[in-house]
Each structure stands twice: as C-alpha cells, then as structure tokens.
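The structure appears right after this line, and notes come after that.
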Amino acid sequence: MKIAVIGLGLIGGSFAKATKQRTSHELYGYDLDNEVQLLARLSGAMDAPLTDEILPECSLVIVALRPKAAENWVEAHKTQLGSGNCLVVDICGVKRGVTDNIAKCAKENGFRYIGGHPMAGKEVGGFVNSSDGLYDGASMILTPDETVDMKTLEMLKNYFLDIGFSNLTFTNPTDHDRIIAYTSQLAHVVSGAYVKSPTAQERRGFSAGSFRDMTRVARLDEDMWTELMLANADFLAEELHTLIDNLQEYLNAIEAKDAAALRECLRSGKIAKAGAGGN
C-alpha cells in the first residue's frame, strides 16, 4: 500500500526508515525542511516527496507532528484525505484534544482516523537521529473509538508488527493522558529539576549509572515538551503533587535523623518498584 509520513523528525523519520527497510510498501514523506526531505530521499527512507496529488492515493497517513501542528495539517488537507480511502493515524504524545478535533474533522470529511502513540524515543531528535530499529520491541498505543472496525485494526497490527513493534496497547484518550503523565512527562520534569543542583557541576569522577539514568531525559526539546505538558496539565500537576508529598516524607525522616522512618521510606519504595515490574 501507499503510506504517507508527515514530519520526518526522530519519530516520523524512524517510521519512514523502518517501513522502507522492512516492508514492500511505498513511502511518501513530507517535512517543512526541504533539506530533510532531500536527505530522506537520498538515504532511501522514502520513494518520493508527498504531493497533494499522491495524498488521496495513500491508504495510511501517519502524522508525526506536535499536537497543534498535527491538527492544523489535517484541517488543511481534509479535502484530499476525504477524497480517497485514507486512514489517518496521529502519533502525538497527548491524546485528548488531538483525538477530539481530528475525529470531528474525519467524520465531517469522510476519512478514517485513529489516535496513536509509539512508546519509543531518544533524548535527541531530528531525522539524522532516526533509525529503522527505533521501534524494535516497543509498544504501540492506539485509542480507537466506535467508528474503527476490526479490519482496520488488523491492518494496523500487521503494519506495526512488521516495522518492529512487539505489541499493541489499546486504551482511551483520557486514560492514555493520565498514565503518560506519570510514565513519561513526570520523568522529564524530575530529570530537569534534579540536574539543576549546583552539585551537578562538581560531579565529574563521582557519577556513574545512577546519574546517567536520572539525567538522560533532561536533554529535551523544550518547545515540544512545553506544548505536551500544558496540554496535559491537570494529570501532570496531580502526579507532581503526589511526588512532592512522597519526597516530603523522605526529607522529614532525614532532617529528623529518624532511622526507622527513613528505612520505611526506602523499604516501601523497593516494594512499590517490585509491584510495578522490571521496566
């Protein structure tokens, strides 16, 4: 089938590379940066740049843009999408507002739509950092509504497994955003706050795996993450309040030199980690 990827950064570029390396599908790409489009073509990550004429012929359109940009792109191309048999999948990091707006546009213009979010990434972005193996072993989250049929889901399952994903996870937009506030967004907040300590500048020779693990995702795209976090402000603020309350218990025990209380904080954390699983 013909597939279009909109946005050839880390995520979209990896979709394009994996599709061309691991399947026989035709891949058409679009990016605002003409140099990125040229690089994608020269590196074999796409067959040709996407045009308005090719778009209605595409069976699958993957929109790998930030939430507002994704909504705007779909709105701007709704007539081309509705004139064919397109299935649009956005892969934004938040789902509530995006799915509401694109689903409404799809219903009004006659194309199919489902929200998605690949559980994979790096702390560095851009097409140059994309790879055909980024999604190996990862989970692909989908948020289908009542308009999505089993034939569509089966097609998506086959495609996503072909390009490296190990499984599909199904949920609704609200639960997605609630859980992702904890598993992803909170981790980026904590990492950024942790590395701001003045002691971080003196850590050479004193740091190992723990420091690397805690600080890796502090290296981020602040514009993108600001948009994602503010779009999910309610759930993220709730998780931050919980974290602050938990940290306060540790601080109280340490300042009071209360060994029993500190031991219990550490023990309960160890138990919570065991209950949450290995990863």
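So if we plug the beta-carbon distance of Met1 and Ile244 into 1/(1 + (r/R0)^6) with R0 = 51 Å, what FRET efficiency do we get, rounded to 0.05?
The formula returns an efficiency of 0.55 here.
For the residue pair Arg267 and Thr147, what label-to-label distance in nm results when each label sits 7 Å from Cα along the Cα-to-beta-carbon direction?
Rounded to a tenth, the inter-label distance reads 5.5 nm.
Given an 8 Å cut-off on Cα distances and at least 6 residues of separation, report the relative contact order of the stretch 171-279 as a percent.
For the stretch 171-279, the relative contact order is 30 percent.
Once you have a ≥ b ≥ c as the square roots of the Cα gyration tensor eigenvalues for the stretch 1-68, tell me rounded if a/c is under 1.5, and otherwise prolate or oblate according to whether a/b is larger than b/c.
Rounded, since a/c falls under 1.5.
Evaluate the distance, in nm, between pseudo-label points positioned 7 Å from the Cα of Met214 and of Leu32 along their respective Cα→Cβ axes.
Rounded to a tenth, the inter-label distance reads 3.6 nm.
Round to the nearest 10 and report in Å² the accessible area of Lys68, as given by a 1.4 Å probe over the protein chains' heavy atoms.
Probe radius 1.4 Å; accessible area of Lys68 about 120 Å².
Counting only helical runs of four or more DSSP H residues, what would the 222 nm mean residue ellipticity of the chain come to if each run contributes -39,500 (n - 2.57) and the total is spread over all its residues?
Calculated mean residue ellipticity at 222 nm is -15500 deg cm²/dmol.
Can you tell me which of Ile244, Ile163, Ile102 moves the most in a GNM of the chain? Springs connect C-alpha atoms under 10 Å apart.
Residue with maximal mean-square fluctuation among Ile244, Ile163, Ile102: Ile244.
If each residue of separation counts as 0.36 nm, what is the full-extension length gain between Tyr182 and Ser197 once their alpha-carbon separation is subtracted?
Contour length minus the Cα-Cα distance gives 3.1 nm.
Heavy atoms of the protein only, probe of 1.4 Å, neighbouring chains included. What is the accessible area of Glu202 in Å², nearest 10?
In the full protein context, Glu202 sits at about 130 Å².
Tell me which chymotrypsin sites (Phe, Trp or Tyr not before Pro) from the stretch 184-279 have a DSSP coil assignment and no more than 11 other beta carbons within 10 Å of their own.
Of the chymotrypsin sites (Phe, Trp or Tyr not before Pro), the ones in loops of the stretch 184-279 whose Cβ has at most 11 other Cβ atoms within 10 Å are Phe206.
So for the chain: antiparallel DSSP bridges make up what percent, rounded to the nearest 5?
So the antiparallel bridges in the chain amount to around 15 percent.
Could you tell me how far the Cα centroid of the stretch 198-236 sits from the Cα centroid of the stretch 151-170, in Å?
31 Å
Tell me whether the stretch 1-160 comes out rounded, prolate or oblate; compute the Cα gyration tensor, take square roots of the eigenvalues as a ≥ b ≥ c, and use a/c under 1.5 as the rounded threshold.
It is rounded, given that a/c, with a ≥ b ≥ c, falls under 1.5.
Express the accessible area of the chain per residue in Å², computed with a 1.4 Å probe while the remaining protein chains stay in the model.
On a per-residue basis, 55 Å².
Pick from Ala193, Ala138, Ala181 the residue whose mean-square fluctuation is largest in a GNM of the chain, springs joining Cα atoms under 10 Å.
Top of the fluctuation ranking is Ala193.
What length, rounded to one decimal in nm, is gained on full extension from Asn252 through to Ala274, with 0.36 nm per residue of separation minus their alpha-carbon distance?
5.5 nm
Find how much the distance from Gln21 to Ala233 grows on full extension, using 0.36 nm per residue of separation minus their present alpha carbon separation; answer in nm with one decimal.
Once the chain is fully extended between Gln21 and Ala233, it gains 72.5 nm.
Let me cross-check Tyr182: its accessible surface, 1.4 Å probe, with only protein heavy atoms counted, in Å² to the nearest 10?
Counting only protein heavy atoms, the figure is 130 Å².
In a GNM of the chain with a 10 Å cut-off on Cα contacts, which of Leu39, Leu266, Leu50 has the highest mean-square fluctuation?
Leu266
Using Cα pairs closer than 8 Å and at least 6 residues apart in sequence, work out the relative contact order for the chain, in percent.
16 percent
Could you work out the relative contact order of the stretch 131-220? I mean the mean sequence separation of Cα pairs under 8 Å and 6+ apart, divided by the number of residues, in percent.
Reported as a whole number, the value is 30 percent.
The values are calculated or read from the model by the stated rules, or taken from the named source; none is laboratory data. The structure presented is a predicted model; accordingly, all values stated were derived computationally and were not measured. No Cβ is skipped: glycine too gets one built from the backbone with ideal geometry, and neighbour counts run over all protein chains shown. Surface areas here come from the heavy atoms of the whole protein model, side chains and all, with no ligands, DNA or RNA. Shrake-Rupley method; radii C 1.70, N 1.55, O 1.52, S 1.80 Å.
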